[in-house]
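Structure record follows, encoded as structure tokens.
The values are calculated or read from the model by the stated rules, or taken from the named source; none is laboratory data. Predicted model only: the values in this text are computed from it and were never measured. Heads up, the Cβs are rebuilt from the backbone with ideal geometry, glycines too, and the neighbour counts pull from every protein chain shown.
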Amino acid sequence: MDLGRDDSGSRSGKAGHGVYLRRLELQGFKSFPERTTLELGPGLTAVVGPNGSGKSNLADAIRWALGEQSVRVLRGSRMDEVIFAGTERRRPLSMAEVRLTFDNAEGTLPVDYAEVTVSRRVSRDGESGYYLNGTPCRLKDITDLTAGTGIGRDSYSLVSQGRVDYILSTRGEDRRELLEETAGITKFRAQQRESLRRLEAAEKDLERLGDVLHELETHAGPLARQAEVAQAYREVASQLRELEVGSLLAAVERAQRQLAQGEERRRELGAAAAACELRLAAVESERSSTGAGLERLEERLRGIRDLLLETRSAENQWRAHLEAGRRAHRDLELQLGAATERVGSVCGWLEEAEAKEAVSAAAGAESQQELNWARAELELEQARVAGRRREVTAVGRALEETKGDLLDALNRAAALRHQVDAKELESRHWEQLARRRTQESADLAERMSVDRRERESLAQAREDQRVRQAEGERRARQVRLEKDALEKELEAARRDAARARQRSEALRSRHTVLGDMLAQYEGYGRGPRAVLAAGLSGVLGPVADLMDIQAGYELAIAAALGGALQHIVTETEEAAEAGIAHLKRISGGRATFLPLSLLRPGYLSRRELQSIALQAGARPALEVVSGDERVMPALRHLLGRVAVAPDLERALAVGRATGMRLRIATLPGEVIAPGGAITGGGRAPEFSGILGRRREWEALGEQVAEAGREARGLLDREQELTALRDDRERILRELAEELAALKVQGTAVTQEWERAEKEQARLAALQALGEAELADARRHMQQAAADGQSLAGLRQAAEGEVERLQALATERAEAHELLRQSAEAGQEALSELTARVIRLEQMELGAAERRQQALREVARVREELETARRREQQLRDAQVAAEHEFATLTERLQEAASGADELQAAQSAAEAARAEAAARLRELEQEAKSLSRSLAQLRSRHHAEDLERARGEVEAEHARAQLRERYELDADSVTSGYRRYHPEEAAAGIAQLKGRLAAFGAVNLGAIDEFRRVSERRDFLSAQRADVESACRDLRRVIQETDGQMESMFRATLTAVRSSFRQLFRRLFGGGSADLTLSDPGRPLESGVEIAVQPPGRRPHNLSLLSGGEKALTASAFLFAMLSVNPSPLCVLDEVEATLDETNAARFVSLLRDFTSRTQFIIVTHHKVTMEAADVLYGVTMEENGVSRLISVRLADATDTGGFKASVGTAPERSG
């Protein structure tokens, strides 16, 4: 809680603060488990409290909420240590949260909110997050929000405990970063790092584009040659097409003429057959009608017979039904007697159930009356207990009032005790000062005698310093030689590591390019590529990817297979049909499929194997090729009758021995085809790159791994050498500091000898001054003792009031206890009555349930009686119906016997008519057989003509199909443009052109499209490379411009900070001089910033030789110099003036007050002078071990005694 001055004492306001921290909220952070809120304002806020109470945790909370990632800066070892860890009395918390609320009324922060809340939350399960006005965000968003404002987590305005010395002891490069923050170029640094990252990525892209373009150039040359051969092949194929189309059109026209001649003969035979069919139809018609009449007679006869049989059967059934009716009538009479007896029994049960129900109703009325009496008694007891409770509440309220008065008295007594303690401390201070001055006077006398002896030892000390300095210089030269040797070795290691990384990157890039080409099936024809890209079911892959070839045989196998390397292996013929359908659907070219379910493998005979074995180095092709057993049928189909030989001479020998029936390939790539044709030349066989590319890709994978291991080993060596070099540099720095110290000490010895005489006079003056201060201290000590006695009297009166209130509180507590016990006794009686009422209510419920059960039993018996009576009536109705049915059955039996006699006479008449119709039907069948023989002969001749016609149509359709399938032409629509050829003439031309096509060997027809596609991709990538190169140039220009802008801003800021630092140093030290310089003025953005100081009356000092107070003042001057150039809205200082005495602390506070008009300061302090200068004070205490709390104290005007009135409490809210 704050210690706030009244409005008349405040020395700063909101004016001049573009943004300031309005509120700090903590929960679960370090030693603050409870939600704690600090209300803040512009000006100077001080946080005070004993050591270890948790004051610095408030400064850590601000730094942590702004995104601090270093647990070392937060004085911990793990990030979850910021969560409250628990105490002996409190359990650990699972989450910590800090919220910073900034006043942004003037829009300094780049968001459209007048109030901005930055929050950070972390839990023990590892979850953490940042929030901006309650909305989740990233750390980068927080950093961007505070960039350039001076309140970031790495800002110079957040000085934690112990960081003052760090500003001076740190490297010059770190001090330069503080100046960069002051200059506002930190965001430019981030932009520059991003530009460098993008430049590095662009250069890597350029390198990869170069590799891809190189690979495309390598691939484009062979493709261009293949495209040229494919174009020539297409021209010959076009000539062959014209000749074959003309021949096929002539065959179609010839077949059409023959079909027209055969059609006339078919019409004549058809007319004769039609006349014969007419007569046969008439005979058949009459035969059918006669047969139908016969069938109708047969049907009628069967109907009469069936009806007679049914009538006899019905007569027997009616007799059986009549007998069954008699038995049923007897059963109904028995059931009716049983039902009448059941009705009588149920009537008896109903009388018993009604009697039970009456008994239950009487018992229920008695229990209800007893329950009403118990409820009335319960209401009276509840009224008595309520009255006792009101009495307990009234006495308790009076007791609480007494406790409040007692707490106020205790607070007043505590305040007086604090004032008495303060006076006692003041008295002891003056007493200690008097003793110290007495001791100092004695010490001065001793020093004056010692000083003479010290001058005698100075000469010997100067000689010792010179010897030690010479030894240090010798060691420094030795270490410098070692460092130079390590530098050379390190440079060599770096070059080796760089070359290894370049080689690794080049191999990785090449491996990636080849992998992309393999994935995209570069070098394959358009058709195979389209099928493989579609991912169709049942497609196993191209032949080239499904086999492994022994090293050295790639060219031979590529030459032997040629375009078959691109053939696609499928599991079934259905998968092949699906692939062809896909190519037709997308117009994706052509491809050859090898269905494993249809392929027939090729084999070498024993004689052929022996002939191959006779030639040194010759082998069957299947011996150098392997693959999965599933695809071996395809490999046997392609290579089963292929041999490989070391050279063409041995290949010819194998060919002669086998009668030129095998395909033989040589290791250089020549091929002898079956029949003797030889293919070879000065370049590699077509498609050999497909096989070599995969082997190269696999080899590159191993090389990439090996290069990576080599690069890591070199990197380890580089790091080892760097560590050795850094160790030598550390030793050199230590030696340099030691030599500098020796030089300073030597200079100090000389100066001490020169100043010895002056020291005698100064010591005498100091002795006189000490005696005057001793008299002044004794006077103040007497005044403090008198003030203490006055305050002691007031304290005794306050303690007497406390004792009176304690007695009164004890008396009221005892009365409250007696009333409470009486109320508890009444409550017990009330509980017993309540239990009795509940028991009676339960008994009433049981009785009601029994009454309901009796009623249900009466209803059930009545329902059963009704059911029995209905059953009795049903049986009587059934008996009447059975008697009526018995009479009906007797009548029907008589009718069935009469109908059977009539049907017997009709059956005899129908049998006579059937015999007459059967005789006529036999005559018609003889005539129909004769006509059928004549019609069969006519149809046989007509069928022969049909066969001739079909043969001609097949020939014509075959020619049409060849035109459609091979050339996609319709014979009916092609009337001109093609010459008709005689079959003999066309056969000779076709054979010649096919021979020319065969001479081309394996031709990659897809090379034309592939070459065009590769050329387009090469042009596209070339344009991309040009764009990337342009982007690299732009990035380098932007980086150069940013460097210039940052250097200009840095130099201007350095000049301003340097001037301010000099002025502030003189103000804090009361004189002296200081300066800021660059260790490398030519490169200010990489240079360190060095601090040179000269305290008043002393020679220039090394920073390490300054005392703790001098270091604090120097660091404060540097900090305020940066604030004067670029004021930060918020500055947090944690015990930065802890090492200062009263005089220097007063100077520090005076300077601090001058800056409060532009900067909001929060300072953790123990200094009284700092507390007195603060606008707002917060007190932190640790009443419970491990738990920090804010103490609420409101300051009043100072009294004449030098103290102040205070109100002590524990509420963590701002009191005013």
(message) Just to check your reading of the model, which residue among Gln904, Gln874, Gln852 is within 30 Å of Asp306 (Cβ to Cβ), assigned to a helix (DSSP H, G or I), polar (S, T, N, Q) and at pLDDT 70 or above?
(response) Gln904
(request) Having 2 or more residues that are surrounded by 20 or more Cβ atoms within 10 Å (Cβ to Cβ) and outside the structural domain of Ser31 (by TED's automatic domain parsing) is the bar; report the strands (runs of 3 or more DSSP E) wholly within the stretch 73-147 that clear it. (result) none
(message) Just to be sure before I move on: is Ala1115 outside the structural domain of Gly54 (by TED's automatic domain parsing), among the hydrophobic types (A, V, I, L, M, F, W, C) and closer than 30 Å to Arg22 by Cα in the structure I sent?
(response) yes
(message) Based on this model, can you work out whether Glu1016 counts as over 37 Å from the mean Cα position of the chain (by Cα) and farther than 30 Å from Leu1123 by Cβ?
(response) yes
(request) May I ask you to verify whether Arg1066 is surrounded by fewer than 23 Cβ atoms within 10 Å (Cβ to Cβ) and either in contact (Cβ under 8 Å) with a residue 12 or more places away in the chain or under 50 Å from the mean Cα position of the chain (by Cα) (or both)? (result) no
(request) Could you tell me which numbered condition Ala1145 fails, if it satisfies all but one of (1) at pLDDT 85 or above; (2) surrounded by fewer than 21 Cβ atoms within 10 Å (Cβ to Cβ)? (result) (2)
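Please work out if Arg996 is within 60 Å of the chain's Cα centre (by Cα), of a type in the set (Lys, Arg) and at pLDDT 70 or above. Give the derivation first.
Numbers: within 60 Å of the chain's Cα centre (by Cα): no; of a type in the set (Lys, Arg): yes; at pLDDT 70 or above: yes.
Against the criterion (within 60 Å of the chain's Cα centre (by Cα), of a type in the set (Lys, Arg) and at pLDDT 70 or above), Arg996 does not qualify.
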(message) Among the numbered criteria (1) over 30 Å from Ser94 (Cβ atoms); (2) polar (S, T, N, Q); (3) at pLDDT 90 or above, which one does Ser8 miss?
(response) (3)
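Considering each residue of the stretch 694-737, count those that are without any contact (Cβ under 8 Å) to a residue 60 or more places away in the chain, within 30 Å of Leu481 (Cβ to Cβ) and of a type in the set (A, V, I, L, M), and give that number.
Taking the stretch 694-737 as the starting set, the residues that turn out to be without any contact (Cβ under 8 Å) to a residue 60 or more places away in the chain are 698-699, 702, 705-706, 709, 712-713, 716, 719-720, 723, 726-727, 730, 733-734.
Next cut, within 30 Å of Leu481 (Cβ to Cβ) only: 713, 716, 719-720, 723, 726-727, 730, 733-734.
Checking the rest, the ones that are also of a type in the set (A, V, I, L, M) come to 723.
Residues that pass the stated criteria total 1.
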(message) Given the options Ala394, Ala422, Ala409, Ala414, name the one that is in a helix (DSSP H, G or I), of a type in the set (A, V, I, L, M), out of contact with any Phe, Trp or Tyr (no Cβ under 6 Å at 6 or more places or on another chain) and modelled with pLDDT of 75 or more.
(response) Ala394
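Could you tell me whether Arg163 is surrounded by fewer than 20 Cβ atoms within 10 Å (Cβ to Cβ) and at pLDDT below 75? Give the steps one after another, and end with the answer.
Working: surrounded by fewer than 20 Cβ atoms within 10 Å (Cβ to Cβ): yes; at pLDDT below 75: yes.
Judged against the criteria, Arg163 is a match.
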(message) Looking at (1) in a loop (DSSP other than H, G, I, E, B); (2) at pLDDT 80 or above, which one does Ala1074 not meet, given that it meets all the others?
(response) (1)
(message) I want to confirm something. Restricting to the stretch 537-576 and keeping residues that are among the hydrophobic types (A, V, I, L, M, F, W, C) and in contact with a Gly (Cβ under 6 Å, 6 or more places away or on another chain), which single residue is farthest from Leu216 (Cα to Cα)?
(response) Ala575
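When the residues of the stretch 376-395 are filtered to those that are among the hydrophobic types (A, V, I, L, M, F, W, C) and closer than 19 Å to Ala813 by Cα, which remaining residue is surrounded by the fewest Cβ atoms within 10 Å (Cβ to Cβ)?
Taking the stretch 376-395 and keeping what is among the hydrophobic types (A, V, I, L, M, F, W, C), we get 376, 378, 380, 383, 385-386, 392, 394-395.
Narrowing the set further to residues that are closer than 19 Å to Ala813 by Cα leaves 392, 394-395.
Values: Val392: 19, Ala394: 12, Val395: 18.
In this case the residue turns out to be Ala394.
Looking only at the stretch 45-58, count every residue that is closer than 18 Å to Thr101 by Cα and buried (at least 24 other Cβ atoms within 10 Å of the Cβ) and tell me the total. It would help to see each step written out before you state the result.
As a first pass, look at the stretch 45-58 and keep what is closer than 18 Å to Thr101 by Cα: 45, 57-58.
Within this subset, residues satisfying the condition of being buried (at least 24 other Cβ atoms within 10 Å of the Cβ) are 45, 58.
Total satisfying the criteria: 2.
Any residue at all in the stretch 238-251 that is in contact (Cβ under 8 Å) with a residue 24 or more places away in the chain, in contact with an Asp or Glu (Cβ under 8 Å, 6 or more places away or on another chain) and not hydrophobic (A, V, I, L, M, F, W, C)?
Taking the stretch 238-251 as the starting set, the residues that turn out to be in contact (Cβ under 8 Å) with a residue 24 or more places away in the chain are 239-251.
Checking which are in contact with an Asp or Glu (Cβ under 8 Å, 6 or more places away or on another chain) leaves us with 251.
Among the residues that remain, those that are also not hydrophobic (A, V, I, L, M, F, W, C) are: none.
No, the stretch 238-251 has no match at all.
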(request) Taking only the stretch 647-680 into account, find how many residues are over 60 Å from the mean Cα position of the chain (by Cα), surrounded by 21 or more Cβ atoms within 10 Å (Cβ to Cβ) and in a loop (DSSP other than H, G, I, E, B). (result) 2
